[in-house]
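The values are calculated or read from the model by the stated rules, or taken from the named source; none is laboratory data. As the structure is a prediction and not an experimental result, all values here were calculated from the model. Note that each Cβ is placed from the backbone with ideal geometry, even for glycine, and that neighbours are counted across all protein chains shown. What goes into the accessible areas is simple: the full protein's heavy atoms, side chains included, and nothing from ligands, DNA or RNA. Shrake-Rupley method; radii C 1.70, N 1.55, O 1.52, S 1.80 Å.
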Amino acid sequence: QSQQFAPIAPFNPFGEIQYVDYLNITMDGSRVYFRSIVMSYVVRERTSLATTTYEKDGSLIALPFHRADRARQQNPGTVARSTQFLSEASRSYPVNENTVYISSIAPNNYSGITSSTLLCLVDDCVQMQENTDIFIETAGVWDRLWNQGTSYVRVASESEWIEGILNDYNDRNVTADERIPPGRDLCSIGLCITEAEWCNTDPNCSESPYQEPAASVKPGAIAGFVIAGIVLLVVVLYMIHLYLVRQQAKRYRTVFAKRIADTIEVRGSMRSLSPEALAKEFQAIDAKVTDGKLSKDELWEFLSTGKAGEIEKRDFEALFAAIDLDKNGTVDFLEFCAFMGKCSDEYRAARVDRGSVVARSSRRLAAPDE
């Protein structure tokens, strides 16, 4: 796609005008104050208030001075017709670390577009260049009404800034009525900005346009789902815990039953074991210190021989805790018998397994020599 542009005859109703411009920029948190006093054929004041934005990218948005005309009507002697107020559409955008671009509707009664560029020429913006163009539309054609180039140099303090303005007033023979006090407050000319007006754009006290979309599920339902999820998680974890505990109990009962089946001489099920057989087995374990009680060391020595398989220390601790019903640190004969009663299935499996091993061994011993 091709587009062509033809030149437009230059349009400048004002000619070339020499002027001086004293600019003050004050930053207070998220709020920025721009005050400029311009001296040419008349003394003019440019005022703009702006705030940072929610984008947090260095851009600024100007507050609309919609009360400027009313202030002129109420204070005709203090608000000159040449006082300029930036429009509500004024925005500034950082191009890079040295350049800022400003775009707005033309100030005051102009119906057009203003485009400005601020360029920092040296480090810390000690020297700055501003170029401004104002374009207006006439009979469907846009003309540049005004072009302004201003060079600034930073002064050391506010007092030096004010002193420079007063000296220029004297050098240009500006009368007292024409002078604009450089430090005057906006309220003195009827332009007090209320907190509510600041908060139209100030991100520190206004509502962010970047809001989460409205929830499609009611809070009560969300809370119910969360609680149900927590309860389900607790139940699942508890079931896993029970499974692991049962698996551990099965392991240590199997090792204990195998070790008893390996040493006891009575055949048959657990129910066929007589009290005498159980007492004899108990005494065999209680051989280190014969006191009618099994200590933890004695039971560990009995089980850790490897004849009934390996048993981990944590499984042994759980086993001893299961046998030691009164939790006094030793196992008496009654506790021993009670635990044996819980190992009937494991004992029966151990006896069957031991019988199979004995039978295979007997067959090997009875086989004729070749």
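Any residue in segment 86-99 that is at negative phi sitting within a Cβ distance under 6 Å of a residue that is in a loop (DSSP other than H, G, I, E, B) and modelled with pLDDT of 90 or more? List the pairs, counting only those 6 or more apart or interchain.
The qualifying pairs are 93/59.
Condition test on residue 216, is it of a type in the set (Ser, Thr, Tyr) and at pLDDT below 80?
Yes; evaluated as a whole, the condition is true for this residue.
So, in segment 314-333, of the ones that are more than 15 Å from residue 292 (Cβ to Cβ) and outside any helix (DSSP H, G or I), which residue ends up most open to solvent (accessible area, probe 1.4 Å)?
The residue in question is 327.
Please name all residue pairs, on different chains or six or more residues apart, with Cβ atoms under 6 Å, provided the first residue is in segment 110-130 and is touching a residue at least 60 places away in the same chain (Cβ under 8 Å) and closer than 20 Å to residue 143 by Cβ and the second residue is open to solvent by less than 70 Å² (accessible area, probe 1.4 Å) and assigned to a loop (DSSP other than H, G, I, E, B).
none
Can you find, within segment 57-74, the residue that is least open to solvent (accessible area, probe 1.4 Å) among those that are at pLDDT 85 or above and part of a loop (DSSP other than H, G, I, E, B)?
Residue satisfying both the conditions and the ranking: 59.
Which one is least open to solvent (accessible area, probe 1.4 Å), of the residues in segment 334-351 that are charged (D, E, K, R) and either in contact with a His (Cβ under 7 Å, 6 or more places away or on another chain) or modelled with pLDDT of 80 or more (or both)?
For segment 334-351, the residue satisfying everything is 335.
Would you please name the residue that is nearest to residue 317 (Cα to Cα), looking only at residues in segment 210-232 that are open to solvent by 100 Å² or more (accessible area, probe 1.4 Å) and assigned to a helix (DSSP H, G or I)?
Per the stated criteria, the residue is 232.
Would you point out which residue out of 316, 302 is among the hydrophobic types (A, V, I, L, M, F, W, C), touching a strand residue (DSSP E or B) at 6+ places or on another chain (Cβ under 9 Å) and at pLDDT 75 or above?
302
Take the residues in segment 109-119 that are surrounded by 14 or more Cβ atoms within 10 Å (Cβ to Cβ) and more than 17 Å from residue 60 (Cα to Cα); name whichever of them is modelled with the lowest pLDDT.
By that ranking, first place goes to 110.
Given the residues 289, 331, which is the only one that is at pLDDT below 85, farther than 16 Å from residue 257 by Cα, in contact with a helix residue (DSSP H, G or I) (Cβ under 8 Å, 6 or more places away or on another chain) and among the aliphatic types (A, V, I, L, M)?
Going through 289, 331 in turn, the sole match is 289.
In segment 75-103, what residues are modelled with pLDDT of 50 or more, closer than 17 Å to residue 35 by Cβ and in a strand (DSSP E or B)?
Those that are modelled with pLDDT of 50 or more, closer than 17 Å to residue 35 by Cβ and in a strand (DSSP E or B): 92, 102.
Enumerate the pairs (first residue in segment 253-267 and at pLDDT below 70; second residue anywhere and in a helix (DSSP H, G or I)) with beta-carbon separation below 6 Å, excluding pairs fewer than 6 apart on the same chain, so at least 6 apart or on different chains.
Going by the 6 Å Cβ cut-off, the qualifying pairs are 264/281; 266/277.
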